[in-house]
Each structure stands twice: as C-alpha cells, then as structure tokens.
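Let me begin by presenting the structure, written as structure tokens, before commenting on it.
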Amino acid sequence: MSDVRYPFTAIVGMPDLRLGLLLNAVSPAVGGVLVRGEKGTAKSTMVRALAGLLPTLAAVDGCRFACDPAAPDPQCPDGPHDRPSASERPAQLVELPVGVAEDRIVGSLDLERALAEGVKAYEPGLLAKAHRGVLYIDEVNLLQDHVVDLLLDAAAMGRSYVEREGVSVRHAARFLLVGTMNPEEGELRPQLLDRFGLTVEIAATRDPAERAEVVRRRLGYDADPAGFAARFAADEQALAERITAARELLPKVELTDVALRQITAVCAAFEVDGLRADIVMARTAVALAAWDGRTEVLEEDVRKAAQLALPHRRRRNPFDAPGLDEEQLDRTLEEHAQPSEPEEPEEPSEPEGSGGSGGSGEAEGEGEGDGPEDDGPGPDGGPGGGPDGGGAPEPASGPEASAAEPEEPLQQPVPAQHPAPTRESAPVAAGDPYRTKLFTVQGTGHGAQGRRSPAETTGGHTVRARRPQGTLSRLHLTATLQAAAPHQAARGRAGRALVLRKDDFREQVRQGRESNLVLFVVDASGSMAARQRMTAVKGAVLSLLMDAYQRRDKIGMITFRGADAELALPPTSSVEVGAARLESLPTGGRTPLAAGLLRAHEVLRVERLRDPSRRPLLVVVTDGRATGGRDALARSQRAAGLFAAQGTASVVLDCESGPVRLGLARTLAGLLGGTAVSLDELRPEGVASLVRENRQDSRRENRATTMRKAA
C-alpha cells in the first residue's frame, strides 16, 4: 500500500461530506462528523485525505502528548514544560481499530510499579496520540457502547482521564472526531448519535459519467500514486490555505440576534431534545460564514447548518430513519427572518349577521363553497343532489360511503374474509410495539458487552478475584494485599513498604451483561393468516426486535410456510432491516415447522463457528401446528430435541387463539427445553403476573431445598 495519500481534491462528488469535514477542520468545536453510507463510497479515503490538508502544528520536543509550546497543558504527565523547545510537525491521523480495548484508547498504568515503587508509569493511548489531530473511527457502530461513550466524552471535554485504584492521570485530548458507518450493519443508539456534531448521508452516484471518472482516477492513482498526487498538488495547497484563512477569520464572525433566533426556532420546531443541537448549529453556522470569507452569519448558513446538524437528532423510534422536512425548515426560517416586533392589537370583529344585505355578493355565500347549502342536499332535496337536483349525484367515498349508498344488489362477488390456508395473503401491518418481558440465557457467558444475559465483562460489579490472565489491567487491591501479607517476614520486609512479587497480584472479575444472538423462527403459514391475529403477532415480534435493539443484540430471522423455510435475515446487528422484513412478510400455505427448526439449527451451528463467545437465544413464533408431509408433527418434535440436547436457550411465543386450544406450542416449548409465553403475557400488564409467579416458584424451590438440607 502506498504511503502517498489520495488527494482530497481528487475525490469526485459528495459535496455534503466534503463540506462537513472541512467545517470541522475550520472549527473542531463543531463536534466531529458521522458519515453514514453504503459500502464502497470512499468514506475512508476522504477522511484520510483530510489529514493532509490540516496545518502543521508546533509541539514541545520530547512530549508524548504533543503539547502546544505557547500554552502547554499544566496537567501533562510529561510536564511541566518550562521554556520548552519546540518543532513543527504534521497533524496526526489516528485510526481506531474495531476490536480496540479501553486500555489501548486511554492508555494504561503499570500497576506493579505504581504499588511497588510508588511511581506513575503511564503508557499513553490513542487519545494522546490524536491530540491536536484527527481521530478516525471506521465502522463506529460496531464498537461497544462503553467505548463509544468514552470517545465521545473525551471529544466533548477535550481531556482524557485514567483512573486505576487511586492513581490518576489526566491529559489534554482535543481532536477532530470522524466516524463512518454502514447502516445495514446496525445503527448507533440515538443518545450516541446526538453526541456527533454533524451527520452526512452519502451514496454512490448513479450517473455513468461520474462513475467512469471515479474509476479513471482510482486506476491512475494505483498506477502512479506520486504522479497522480502531483497533478492535484496546486489544488491541495489552495484548499489548505483556505482552511488556515477560515481559522483566522473564525473569531471575527458575528452571530446576529436574527440568526440565533432562527437557529433556536428551527430546533424548537423540529422538537429536538436538549440544547446540544442549538449549540452545534450555532458553531456550524459561524464556521460556514468563515469558510465563505464572511464576518456575519446569514440565513443560508443557518439552513445548511440545520441540514447537517439535525437529521440524526430527529429519531424518536429506534426504527426511524434520520431525515429532515425541508418545507418545514423553510417555513420556520421565513417566519423568523426579521427582528421580532410587538404585536398590534387586533381590530374587534363585527358580530355575525351585523352586515347589511347591500354588501358584496361574497358575504351572502356567492363565493364557491361558502354557504352551508353547498355542502350537501337540504332537507327538501334541493340543488344539493336530491331528486329535484339537475345533476346526477357523485359517488360517495370514505367512511360514510356505506351509509350513503342505496341498498342495491352487489355487482362484484364478495371475497372470503379468511383466505384458504393454501393461498398467500397480502402482508398486513404490524401492531404498535410495546415493552416486553426480558428473556435471558441462563448461566454466565463471556460474550460482547450488552444488556441481556449475565456475563463476565470489563464493566459491571466485581464478584471475585483471580490471578491475572495476560496483562494486569484491573487490580483487585484487597486480594493482592491478602496474598502478599503472609510472606512479608520471609521476604525481609523493612519499614512500611510492602514487598510484592508478581505472583501476589490479583485482578478483578467483573460481572455485567452480554449481548446475544436472538434468532427468530416465525410461522407464516395459513394457520397464522387471520388479519387481526397476524397484526398482533407482528406487533409482538416487532416489540421483541425493539427489545433486542435496546439490549445491543444481533438478530436473525427465519420464516417458514408452504413447503420450506427461508432465511429472511442472516444474523446481523441491523435490527431496522429485521423490522422491514417483518413488515413485508406474507402469509399462507402449509406449516413446515420441522423445516423451520432444522434451518435454525444450521444457522446457529454456523454462527457458533464464527463467534463462539456469543450465546444464542431461539425465539419460535408459532401456534405449534405442523403440516406438510407424513409425520409432520413427529418430525418437528424430533427437530426440537436437537436444541434441547445442545442446551440452547429458547422461548416459544404461543400464537394459538380461539375457544378450543390444543396446547401444541407449549408442548413444543417443553421439547425445546424452553419457556412458552402467550401474546398476552408479553404485554406490560402480563409481566407483573409472570414476575409474581416466578417469585412464588423461587420461594417454593428455596423451601424445598431447605427441607432437604434439614432432612
């Protein structure tokens, strides 16, 4: 791979992304930019190219934290810097790997030296390296939430904190934060989206001429990187000089009262939570004015700032896509484009009927649609369309149509209300999502940090101590002292200092929660096709999808109907795609339950190979019926036994309804070794009774255990 960066000015198209990055280069206080787009759209190329445009900076010689010699950080671990020597160096571009650990980001303390020698031996992390440069996070949506929180906190405060067992290190960490993500691989939580200053949506151009130019330039760069970069050197230099000029002009830009009122009015009109959006919009509008060489913020700056700063803050539901209503934005800006003036008292209006009959014809209802007689026929069947009216009545429509139409024989045959089981029914809309009961995987896992099942994690509360496994990062101080205390005399301890050996150190074992793979197996056969019933079923699955989103799970979806099962959604972090597939799910046909379970078994087998630490949770949505082929029910029961033999956690969402119930879904749950829950028990009012029942069962088990021990 060539060391010559692809030139920023050589990238074709994507004006919003180009502008968003440049505005952050002019004013890092904007808060960074999140780039959302499909794969292969040069997101990473443009971010890497930006670093080459940033002005060089003066840094203290020998300082690992790139302190500014004009204003060195008083808390710098390499300080204090009194009359330091300095040198120029380019701004750093630091790329954050997806699987990065917290210690690698903030740095780490040598705890052994800190305890034994009393010195702060600190190894800087990536935040220190990115100070006064660019921190680039590719696939930010794939990072663990606590890591993203840590990065955004540092970006907002401009400082990194490292706390380890009473030993603290703090240093400056001001950088231009850029994150990229592919929404198909999962969304960031709205709380994290809000922490990014700007968001830009990009997609590959559909213009053949532009696509050809992209390919032509890329091939030219691959063939001769240095020669290709030289072709754009003049443009790169001009753009770098413009960034420097805009930075110098930035403190002189005036944010007028009119512009500020437009900013706050827009944020209020779009019902944006909190005040961060107002501040980001103000900083962005000021940066836009400086970028254009102006000292006053104009309405066009406010409009563009809103387009960059608000779309990702408009999400209310996890399945909502970011967006902005341009017409509403224009109306709000127009309404607040002038300084506010005191309102004049309105003239008292004349009471109805006080006008004389000699007025204009419009007052008497001559205008179109003004008189009540124009709305419909009068009681005597006048010109509104009664028998004496001159014209034929227009056909009624809407909800009142059935009451207005005469009783005549129907010209078209009436379709059956319930389709035959072998026919495919059109997709029905899902019911409104609601909070659901929490389903977990029993035991303690070691998967990625999340919010569902118990697991050993880097966060959470300390449950025990153990010998370090690898580099010591989470010291268990009490256990370490207990291990060292009995050997102090033999080690010749003199004075108050402890004599520690490497074998004395113990690390904390923390228990938190992990995310799981939630695999949905949804019955879409004819037995589920009743419209009202399928609406409730889809609403329940949508609720479980939302629960999986909030708990940071991966999800997959298998549907079965007709003759076979289909993997409708391979395991992914994009819960939004799962909701879209559910919405368009048709129903009808036979019920190949065994095929659905066998397909789920194969999917879980493959996922165990890909990610052994992520434990699965199987959610089967069915009424328990099985048709299609000989011994369909027996084959489905044998397939269920495969999951029980492997100990796969499972839940059966019992969709059976009607006065006569066969209990097949609950039988299936028993064969799976899982739990059966009806649709009603998923709702909040059903959760309380389930909790009470579980508590009663636990008390009974505890009493039985106590009696056995006593006996």
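The values are calculated or read from the model by the stated rules, or taken from the named source; none is laboratory data. These numbers were taken from a predicted model, which means no experiment stands behind them. Neighbour counts run over all protein chains shown; Cβ positions are idealised from the backbone, glycine included. Keep in mind that these areas ignore ligands, DNA and RNA; they rest on the heavy atoms of the full protein, side chains included. Shrake-Rupley method; radii C 1.70, N 1.55, O 1.52, S 1.80 Å.
Hey, does the range 194-211 have a residue that's more than 35 Å from the chain's Cα centre (by Cα), of a type outside the set (Gly, Ala, Ser) and outside any loop (DSSP other than H, G, I, E, B)? No, the conditions are met nowhere in the range 194-211.
When residues in the range 623-654 are screened for being touching a Cys at 6+ places or on another chain (Cβ under 9 Å), of a type in the set (Asp, Glu) and within 24 Å of Val441 (Cβ to Cβ), 0 of them pass.
Conditions tested, residue by residue: (1) part of a loop (DSSP other than H, G, I, E, B); (2) surrounded by 12 or more Cβ atoms within 10 Å (Cβ to Cβ).
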| position | (1), (2) |
| --- | --- |
| Val428 | yes, yes |
| Leu438 | yes, no |
| Gly447 | yes, yes |
| Arg451 | no, yes |
| Arg493 | yes, yes |
| Gln508 | no, yes |
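What number of residues in the range 278-304 are acidic (Asp, Glu) and open to solvent by 30 Å² or more (accessible area, probe 1.4 Å)? Adding up the residues that qualify gives 4.
Screening Ala51 on (1) in contact with a Phe, Trp or Tyr (Cβ under 9 Å, 6 or more places away or on another chain); (2) open to solvent by 10 Å² or more (accessible area, probe 1.4 Å); (3) not basic (Lys, Arg) shows it passes everything except condition (2).
Considering only residues in the range 10-44 that are within 18 Å of Ala91 (Cβ to Cβ) and among the hydroxyl-bearing types (Ser, Thr, Tyr), the one that is surrounded by the fewest Cβ atoms within 10 Å (Cβ to Cβ) turns out to be Ser44.
Residues that are among the aliphatic types (A, V, I, L, M) and either over 30 Å from Arg276 (Cβ atoms) or at pLDDT below 55 (or both): does the range 293-301 have at least one?
no
Filter the range 22-55 for residues that are within 17 Å of Glu248 (Cβ to Cβ) and at pLDDT below 85 and give the result. The one that is within 17 Å of Glu248 (Cβ to Cβ) and at pLDDT below 85: Pro55. Inside the range 555-591, can you point out the residues that are open to solvent by 10 Å² or more (accessible area, probe 1.4 Å), assigned to a helix (DSSP H, G or I) and of a type in the set (A, V, I, L, M)? Within the range 555-591, Val577, Ala579, Ala580 qualify.
For the range 517-540, a residue qualifies if it is surrounded by fewer than 24 Cβ atoms within 10 Å (Cβ to Cβ) and β-branched (Val, Ile, Thr), and exactly one does: Thr535.
Note on the range 212-250: among residues that are under 25 Å from Leu288 (Cβ atoms), surrounded by 13 or more Cβ atoms within 10 Å (Cβ to Cβ) and not aliphatic (A, V, I, L, M), the one that is nearest to the chain's Cα centre (by Cα) is Arg247. Listed by first and then second residue, the pairs with beta-carbon distance under 6 Å, at least 6 apart or on different chains, first residue in the range 223-252 and in contact (Cβ under 8 Å) with a residue 40 or more places away in the chain, second surrounded by 13 or more Cβ atoms within 10 Å (Cβ to Cβ) and of a type in the set (Asp, Glu), form an empty list.
Across the range 607-643, the number of residues qualifying as farther than 18 Å from Ser573 by Cα and open to solvent by 50 Å² or more (accessible area, probe 1.4 Å) comes to 10. Screening Leu609 on (1) more than 24 Å from Cys655 (Cβ to Cβ); (2) at pLDDT below 85 shows it passes everything except condition (2).
Selection of strands (runs of 3 or more DSSP E) fully inside the range 103-193 by the criterion of at least 1 residues being modelled with pLDDT under 75 and of a type in the set (Lys, Arg) returns 159-164. Only one of Leu545, Leu472 is among the aliphatic types (A, V, I, L, M), part of a loop (DSSP other than H, G, I, E, B) and buried (at least 17 other Cβ atoms within 10 Å of the Cβ); which? Checking each option against the conditions leaves just Leu472. Candidates in the range 457-469 are the residues that are within 24 Å of the chain's Cα centre (by Cα) and either at pLDDT 90 or above or open to solvent by less than 50 Å² (accessible area, probe 1.4 Å) (or both); of these, the one that is farthest from Arg615 (Cα to Cα) is Gly459.
Consider the range 644-669 and keep the residues that are within 15 Å of His601 (Cβ to Cβ) and under 30 Å from the mean Cα position of the chain (by Cα). The one that is surrounded by the most Cβ atoms within 10 Å (Cβ to Cβ) is Ser650. Arg552 satisfies every condition listed in (1) surrounded by fewer than 21 Cβ atoms within 10 Å (Cβ to Cβ); (2) more than 14 Å from Phe520 (Cα to Cα); (3) within 14 Å of the chain's Cα centre (by Cα) except (1).
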